[in-house]
Ligand SMILES: O=c1[nH]c(=O)c2[nH]c(=O)[nH]c2[nH]1
């Protein structure tokens, strides 16, 4: 038997290492703001992440924190800025970006928000002034990335769950020895939409555009007679781009929430497309980016945005 001597590990003196890309900050700051100027309160509920980029080498290599804006300070800043109001998450994040890049050694960063929706409770026939119920609907998302004077804004939403009980077909796919799926011209189509969209600039009515994009996504989902979830995805993204000149790119991630017809024949029953098993996994996952032809370069807009191809 031949034995090979192990290769000696290189001594640390023989190698030069270098700090690469880095960012740091406070993740998932939970912020709830109650606006109580009148008896009819308003509530804003966000989860905010702040990450700074810049010259932080001294802290990493020597423990010199003279340029480290503490993550605790970043968290406090989020709360302090909320004292003046929150408003659209995109606008709030742009304020944070402007503030933190005021430190000479901070040249950019990434600020992200999830916006959690609450509805008023209807009590005694009227919307209550200060009692709310979390809507089981989607979560609005926003990401601001700044690099020097360049800034990119993504709007978005996640967990917008939709279903069509007809108007969906799937056939014409290749068959090989592993194919068992039957062709269908009438199936249930359901998905939980995750969408992100890239704005061309920052002079935008964020709330109005969000509401309009959401409505456009829903309308396109409802009205597209679907031959594949891929086709529905494209129709949804196209509809958003056609209706919103401020938006230049849409990325969608659509899980195909399969609804399988249950075989009721063992019970002597037919099943004319009425009783389904709603499977939770595995699920098809359909993802794409759709953009306008003359879209400005995406730059760093999509950096660290997980969950898309
Ligand atoms: O809309 C669909 N797209 C697919 O790619 C696919 N694959 C599959 O098994 N079912 C479906 N449905």
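Remarks
- Test: residue in region 146-156 that is within 11 Å of the ligand (Cβ to nearest atom), over 25 Å from residue 309 (Cα atoms) and modelled with pLDDT of 95 or more: no
- Qualifying residue in region 140-155 (condition: free of Cβ contacts under 8 Å to residues at least 24 places away in the same chain and either over 17 Å from the mean Cα position of the chain (by Cα) or under 30 Å from residue 261 (Cβ atoms) (or both)): yes
- Output for region 276-309, where each listed residue is in a loop (DSSP other than H, G, I, E, B) and exposed (fewer than 13 other Cβ atoms within 10 Å of the Cβ): 279, 280, 281, 282, 293, 294, 297, 304, 306, 307, 309
- Checked against (1) over 13 Å from residue 52 (Cα atoms); (2) touching a helix residue (DSSP H, G or I) at 6+ places or on another chain (Cβ under 9 Å); (3) modelled with pLDDT of 95 or more, residue 125 meets all criteria but (2).
The values are calculated or read from the model by the stated rules, or taken from the named source; none is laboratory data. Given the structure is predicted, the values throughout are model-derived calculations rather than measurements. Counting neighbours? That spans all protein chains shown, and the Cβs are built from the backbone with ideal geometry, glycine included.
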